[in-house]
Number of protein chains: 2
Amino acid sequence: MQRRLEYASLDPLFNPRSIAIIGASSDPTRVSGRPVQMLRDSGYRGNLYPVNSRRDSIQGLRAWPSIEAIAEPVDLALITVPAAAVEEALQQCCRMKVGAAIVFGSGYAELGEAGRAAQNRLAAAAREGRVRLLGPNCMGVFNVAARAYVTFSTVFSSGWPEPGPIGLISQSGAFASFCYSRARQQGLRLSYGVMTGNEADVDFADCLAWLAMDAQTRVIVGFMEGFANGDKLCAALEIAGRQGKPVIILKAGSSPAGVETARSHTAQMAGEDAVFEAAFRQHGAWRAKTLDELFDLAVMAATGPLPARPRAGVITVSGGAGVLISDSAWHRKVQLPALSDAAQRRLRERITFAPVHNPIDTTGLILDDATLLPDCLDALATEADVDAVVGFYAGMGTSDAAPAMLTALSAAAARHPKVRQVACVLCKPEVRNALLDAGVAVFDDPDRAIRAVEAGAAIAAQLGGTADSLAVPSAIPFTTAPLPLNEAQALAGVAAVGVPAVPVTVVHDADAAVEAADAIGYPVVLKILSSGLPHKSDSGGVALSLRTAQQVRSAFQAMMPPINPKLAGVVIEGVVVAPMLQGIELIVGLHRDAVFGWVIMIGSGGVHAELLGDRVLRLAPVTLTQAHEMIQGLRIWPLLQGARGRPPADIDALARTLSLLSRLRPEAAVSGIEINPLIVQVEGQGVHAVDCLIA
Amino acid sequence: MQRRLEYASLDPLFNPRSIAIIGASSDPTRVSGRPVQMLRDSGYRGNLYPVNSRRDSIQGLRAWPSIEAIAEPVDLALITVPAAAVEEALQQCCRMKVGAAIVFGSGYAELGEAGRAAQNRLAAAAREGRVRLLGPNCMGVFNVAARAYVTFSTVFSSGWPEPGPIGLISQSGAFASFCYSRARQQGLRLSYGVMTGNEADVDFADCLAWLAMDAQTRVIVGFMEGFANGDKLCAALEIAGRQGKPVIILKAGSSPAGVETARSHTAQMAGEDAVFEAAFRQHGAWRAKTLDELFDLAVMAATGPLPARPRAGVITVSGGAGVLISDSAWHRKVQLPALSDAAQRRLRERITFAPVHNPIDTTGLILDDATLLPDCLDALATEADVDAVVGFYAGMGTSDAAPAMLTALSAAAARHPKVRQVACVLCKPEVRNALLDAGVAVFDDPDRAIRAVEAGAAIAAQLGGTADSLAVPSAIPFTTAPLPLNEAQALAGVAAVGVPAVPVTVVHDADAAVEAADAIGYPVVLKILSSGLPHKSDSGGVALSLRTAQQVRSAFQAMMPPINPKLAGVVIEGVVVAPMLQGIELIVGLHRDAVFGWVIMIGSGGVHAELLGDRVLRLAPVTLTQAHEMIQGLRIWPLLQGARGRPPADIDALARTLSLLSRLRPEAAVSGIEINPLIVQVEGQGVHAVDCLIA
């Protein structure tokens, strides 16, 4: 792939004025014949040049013997010749100054080293000839407005789509076809679809940047298996962020099993999944966990404004649904603020049989009183300080009540453009589409409606926050003594650049240990110093909470061989004496990711914390604000704030240390720095690195 | 409601041979006219008696002036008269020995005390007259096979349904209509639907038991807001379990917000949500968290066999989908076992371009080679030891390939009746329905397909395990000294019935504390003894890890007033001296639930544990086997097993104590017993209650 974004040169790929199909077949059921048929029948208005040396016409169109025989300029060449002839065809494209070329054929990097070499030759030829290359092993591209269907997917056999605001990028062709069909079933309309396959040249990031700059595309949805160039991907996401366009990505490989499956079939580099997720979040993109979520958020982002905050008014025609929606909102942290007293009083004159809260339960009365729905929608939009109104309208979209519902919701969407209308309702397709056109997001499960509000508000906040995330703190060069370092040396290394560390004294006999403890003040900790020993406490190499000189002396003796047989044969560099600090144990670390470079991590420490799986990652460096956000994202955040009457921890000091650590740029030999534990004391008493590993 | 299950008498309600509509209207758009129209037009073959004293005919049917004028016996009377006349109409039904009556009208218990009194009068009259009463404030019942639509729901205006295997019970009428419509959209068919409303007599449990005994109904799905009589509900669930019928319930009120919303509109008693979930699980029912889950599991349970274990073979037409499915399987603990070597070799001759694993990725080859899909399905079903085959077939159900796919999947389902076929595929409705008829479960999101396998296997295991759960351990009467008890007394109380407790000594001065500590052996713990003080550690009333006599003496002095100002004015009954035990802290408790009676709980202790929200509940008593299952359900289970080389905890002793505690039946004054912490030591060293509260 191109190392840097070069999206401007993708115009001929996405928006070709002329298309040549090299190796065009007369048989429309074949991969080399289907695009000819589609382009001929779709209404594509550019010039079309089937190239086939053995025929005068292909599917009723004049055929050219070679691309070189075409007198006019060719924007896009689709290469569908047999594998052995692909390279030569691409060379001809280069000579003819074609803008972009697509290779459908497989048998390249996804099949191993020989294939990768062939693919690299194609990439080099394209680069040298300044032809942008999509593929190989891909399913092409389509532009709905221009009716340019340069793909062998069969999904369009059920009818040509209408153009819409959603750009679709998928590394997998078959999956893209499925996505396209699901989008259509859900009433969503696309601007473009591009299936990037092996990405020898044009890749996910290039397409993302191009679609971000495209005027027709307002939302970008993607399916990704992996990506090797983190900088390039981040640059593309930033362009989308600056354009204010939501990006929603379903990324496979969220588990070891998925990564293993991917290894056997894809040419993509997997990368560490959690780092992708951090990068997406940091650059304003939303990672969808499931296909349902991808499309629910596409509905939300493509058909109307995103709610600025997760605050919703709720109206239902079923009390039971109101309870379910309240449950969902509580679990997903969507607030349901109270209606103003005045609005409650007003509505209570209409809805006499039940208290009027948020959720408002209209029961079947909504069908008898034509102004009740509009009035409730107005009351919620104006008198509850909400950014969305979620309505449960049961099966109204399939019944005689559909026109009244459509009118009321469309009017409310128009009257209150900042309050998003979300409907949980069953509809006939035409009613559903009319609702979507009016800016109403439509779902058929109450929990998915609430999730869409939650995630929609999060996307809006991410897009709003992009500017801040672009303020990059300066890097701090970090060099240490030659590796390997024992923990005392590592601790001294990070302390030298400003990370607060406990004062440690390295001793070699019990007398010195007692002397050091007396100087530090009790209680103290003793720890074996040994670069090669990973879990010192499992080997009896740690003694905590020593309160007297006598305890220090006996603990020193007890942890050394031969009294401690577990350390027999271990190279012991000394014993560390350090103060025993009270506080909350955390782990912070900086490590080098193969795709995205330096990554900063914070997690909770201790044995329960492993079960919590409590860690937050970001691409380094992070600002102080971002560091605070990371800390607030921890599951133990309530503990840091001071749960159950405990004093709050020194969160400012923690954020400062986290941001500082994230700015360190270690020399090449270092793959990571891990401080474990970092003890956070109560407010005003700071944080202290107690142990450190520099690998 | 009836206190005990009396489901046999519901035959006239569910399967009426004759129906009278008291207050029948000529206007089919009215609540009192719609059932007449539906019963007239549906093809219902029983006798129909519109009752209206002011007309000779109603909607073309002969009308009767009163129910007493009808000469033939009436199975079911629908009462649609105005509120003031309902009681008299019900009395007439009693006199005429009608089998069952339905009251649609609202304004009863859901509106407060006066309404509740009126409802109680209806219930008493029905009980006395031996008429089963559905409602009030309900939407009636329908029997699809008999075409008996005794409801005012408008959902059937879009066409009469075909009968199917799913019985639907809902306390909410509007929500039931929505569920019915969604079921139909998803291709699911119902046997009966019943909407129980206020449940003055016939309730959720009665209907559940009746449907469990009904031959047409194979699966029961329910929507519940609350239920007051736990014993009755459990009895009904047990009948369904013994009949081997899956029960899937969407229960609202899983959050404080939901409970609050419910309070304002429902006549149901909410009960403690977590106890409902425990009761469902214990009696073989599955609690669905969302409507999607309810219907996905209904698809799974109603259209074919449930997979015995969560083990699946996977076949995909898209490598990317294979990765997503592997991810889902990993997160949801569905195993994807390897294909046998022989099968791998055989398929590798056909699928040459990629390694053949599980998932098998056929790519587009599946469209070119008609025998590939059947062969892959056979290989997975027979050579990977799986109970389900999950296939990702993209949009095949909407394309020309649909018939081939349908044939292959139907044949595989027939050939391998114990291996469930699950398809993630987009379909035209007729293809989807044909797949469902052939026993193939159909979804359009890969993760939902995997979740259906996971939950389907769990339901199968629950149904299989019902017999064990019926073995009830004997109860142990538990009486204590008169309440309130301080913690030493409470600990002595549970120790007296066999719960292992730490030996504690109560002292009143520092000398006695030292003497006790010397006798117990160091390290020890000191704790203030005071019945009224909830969080002793927050008040400086606890000192841990005291290792010397001197430490005990100074700790004693430091925790007493006036040195400890936090305890000034607190009634101090003494100071407890106890050994300091090493181990894992748990909380176990027994409490009286208003709906289900005694409930046993185990949870993890300590401050991180609160964040884990780690607790497991069951209805008491539990067998030793069930106690082990509860322990294995804890999030800290890996810790108890011995994570990172630590020795395993004494799990057998823990299970024994949990089962023992669950068998205690305290006297009426006691609402609960909580042991916190219960320390579990390493294997062979048992468990010890360290503190106990009897409230």
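Readers should treat all values here as calculations from the given coordinates under stated rules, not as data from a laboratory. Computed from a predicted structure; not experimentally measured. Here the Cβ positions follow ideal geometry from the backbone for every residue, glycine too, while neighbour counts run over all protein chains shown.
A count restricted to the stretch A:287-339 and to residues that are in a strand (DSSP E or B), more than 12 Å from chain B (Cβ to nearest Cβ) and either in contact with a Pro (Cβ under 8 Å, 6 or more places away or on another chain) or on the phi > 0 side of the Ramachandran plot (or both) stands at 3. For B:Gly107, the conditions (1) assigned to a helix (DSSP H, G or I); (2) within 14 Å of chain A (Cβ to nearest Cβ) all hold with the exception of (1).
Yes or no: A:Pro16 in contact (Cβ under 8 Å) with a residue 60 or more places away in the chain, in contact with a strand residue (DSSP E or B) (Cβ under 6 Å, 6 or more places away or on another chain), buried (at least 18 other Cβ atoms within 10 Å of the Cβ) and assigned to a loop (DSSP other than H, G, I, E, B)? When the stated conditions are applied, A:Pro16 passes them. When we screen A:Leu639, A:Leu654, A:Leu664 for residues that are away from chain B (no Cβ under 14 Å), closer than 13 Å to A:Ile584 by Cα and not basic (Lys, Arg), the only hit is A:Leu654.
Yes/no per residue for (1) small (Gly, Ala, Ser); (2) more than 30 Å from A:Ser539 (Cβ to Cβ); (3) surrounded by 18 or more Cβ atoms within 10 Å (Cβ to Cβ):
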{"site": "B:Leu617", "(1), (2), (3)": "no, yes, yes"}
{"site": "B:Ala620", "(1), (2), (3)": "yes, yes, yes"}
{"site": "B:Thr625", "(1), (2), (3)": "no, yes, no"}
{"site": "B:Ile636", "(1), (2), (3)": "no, no, yes"}
{"site": "B:Leu639", "(1), (2), (3)": "no, no, yes"}
{"site": "B:Gly642", "(1), (2), (3)": "yes, no, no"}
{"site": "B:Arg646", "(1), (2), (3)": "no, no, no"}
{"site": "B:Ala655", "(1), (2), (3)": "yes, yes, yes"}
{"site": "B:Ser662", "(1), (2), (3)": "yes, yes, yes"}
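If you go through the stretch A:19-58 and keep only what is surrounded by fewer than 21 Cβ atoms within 10 Å (Cβ to Cβ), assigned to a loop (DSSP other than H, G, I, E, B) and touching a residue at least 12 places away in the same chain (Cβ under 8 Å), you end up with A:Ser26, A:Pro28, A:Val31, A:Gly43, A:Tyr44, A:Arg45, A:Gly46, A:Ser53, A:Arg55.
Checking each residue in the stretch B:417-433 for being closer than 19 Å to B:Leu297 by Cβ and in contact with a Ser or Thr (Cβ under 9 Å, 6 or more places away or on another chain) picks out B:Val419, B:Gln421, B:Cys424, B:Val425. The set of residues from the stretch B:478-502 being hydrophobic (A, V, I, L, M, F, W, C), farther than 18 Å from B:Val687 by Cα and touching a residue at least 60 places away in the same chain (Cβ under 8 Å) comprises B:Phe478, B:Leu483, B:Leu485. Evaluating A:Leu660 against the criteria (1) in a helix (DSSP H, G or I); (2) over 15 Å from A:Trp598 (Cβ atoms) leaves one unmet condition, (2). Across the stretch B:517-525, a minimum of one residue is classified as under 47 Å from the mean Cα position of the chain (by Cα) and under 26 Å from B:Leu483 (Cα atoms).
Residues are listed down the side, and each one gets a yes or a no for (1) within 14 Å of another protein chain (Cβ to nearest Cβ); (2) surrounded by 21 or more Cβ atoms within 10 Å (Cβ to Cβ); (3) in contact (Cβ under 8 Å) with a residue 12 or more places away in the chain:
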{"position": "A:Ala343", "(1), (2), (3)": "no, yes, yes"}
{"position": "A:Val356", "(1), (2), (3)": "yes, yes, yes"}
{"position": "A:Ile366", "(1), (2), (3)": "yes, yes, yes"}
{"position": "A:Ala388", "(1), (2), (3)": "no, yes, yes"}
{"position": "A:Met396", "(1), (2), (3)": "yes, yes, yes"}
{"position": "A:Thr407", "(1), (2), (3)": "no, no, no"}
{"position": "A:Ala413", "(1), (2), (3)": "no, yes, yes"}
{"position": "A:Val442", "(1), (2), (3)": "yes, yes, yes"}
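Yes or no: A:Gln421 polar (S, T, N, Q) and under 30 Å from A:Ile166 (Cα atoms)? For A:Gln421, the condition - polar (S, T, N, Q) and under 30 Å from A:Ile166 (Cα atoms) - is met. Apart from one condition, B:Ala669 fits all of (1) small (Gly, Ala, Ser); (2) surrounded by fewer than 23 Cβ atoms within 10 Å (Cβ to Cβ); (3) part of a helix (DSSP H, G or I); the exception is (3). Every listed requirement among (1) over 26 Å from B:Gly258 (Cα atoms); (2) within 14 Å of chain B (Cβ to nearest Cβ); (3) not charged (D, E, K, R) is met by A:Ala423 save one, (1). If we keep just the residues of the stretch A:65-98 that are buried (at least 22 other Cβ atoms within 10 Å of the Cβ) and either among the hydroxyl-bearing types (Ser, Thr, Tyr) or in contact with a Pro (Cβ under 8 Å, 6 or more places away or on another chain) (or both), which is farthest from A:Arg130 (Cα to Cα)? Step by step, filter the stretch A:65-98, then rank; the result is A:Thr80.
Among B:Thr217, B:Thr196, which is touching a residue at least 40 places away in the same chain (Cβ under 8 Å), touching an Asp or Glu at 6+ places or on another chain (Cβ under 7 Å) and over 20 Å from B:Ala278 (Cα atoms)? From the options B:Thr217, B:Thr196, the qualifying one is B:Thr196.
Only a single item in (1) at the interface with chain A (Cβ under 9 Å from one of its Cβ atoms); (2) of a type in the set (S, T, N, Q); (3) in a loop (DSSP other than H, G, I, E, B) is not met by B:Thr352, and it is number (1). Restricting attention to the stretch B:345-354, the residues that are more than 15 Å from A:Glu110 (Cβ to Cβ) and surrounded by fewer than 19 Cβ atoms within 10 Å (Cβ to Cβ) total 5. Determine, yes or no, whether B:Asp400 is within 9 Å of chain A (Cβ to nearest Cβ) and surrounded by fewer than 21 Cβ atoms within 10 Å (Cβ to Cβ). Spelling it out, B:Asp400 is indeed within 9 Å of chain A (Cβ to nearest Cβ) and surrounded by fewer than 21 Cβ atoms within 10 Å (Cβ to Cβ). Counting only residues that are over 21 Å from A:Cys692 (Cβ atoms) and surrounded by fewer than 16 Cβ atoms within 10 Å (Cβ to Cβ), which one in the stretch A:515-548 is farthest from the other protein chains (Cβ to nearest Cβ)? By that ranking, first place goes to A:Ala519. Of the helices (runs of 4 or more DSSP H) lying entirely inside the stretch B:185-270, those containing at least 1 residues that are within 14 Å of chain A (Cβ to nearest Cβ), at negative phi and surrounded by fewer than 24 Cβ atoms within 10 Å (Cβ to Cβ) span B:256-263. When the test is whether a residue is more than 14 Å from every other protein chain (Cβ to nearest Cβ) and either over 31 Å from the mean Cα position of the chain (by Cα) or within 30 Å of A:Gly115 (Cα to Cα) (or both), B:Ala370 passes it. Quick one: in the stretch A:99-145, which of the residues that are among the polar types (S, T, N, Q) and within 24 Å of A:Gly167 (Cα to Cα) is surrounded by the fewest Cβ atoms within 10 Å (Cβ to Cβ)? Restricting to residues being among the polar types (S, T, N, Q) and within 24 Å of A:Gly167 (Cα to Cα), the top hit is A:Asn143. Taking the criterion of being more than 22 Å from A:Ile679 (Cβ to Cβ) and touching a Phe, Trp or Tyr at 6+ places or on another chain (Cβ under 9 Å), the only residue of the stretch A:513-525 that qualifies is A:Val514.
Residues checked against (1) over 21 Å from A:Pro403 (Cα atoms); (2) outside any strand (DSSP E or B); (3) of a type outside the set (A, V, I, L, M, F, W, C):
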| position | (1), (2), (3) |
| --- | --- |
| A:Glu430 | no, yes, yes |
| A:Asn433 | no, yes, yes |
| A:Gly439 | no, yes, yes |
| A:Ala455 | yes, yes, no |
| A:Gly464 | yes, yes, yes |
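A count restricted to the stretch B:672-695 and to residues that are outside any strand (DSSP E or B) and of a type in the set (Val, Ile, Thr) stands at 1.
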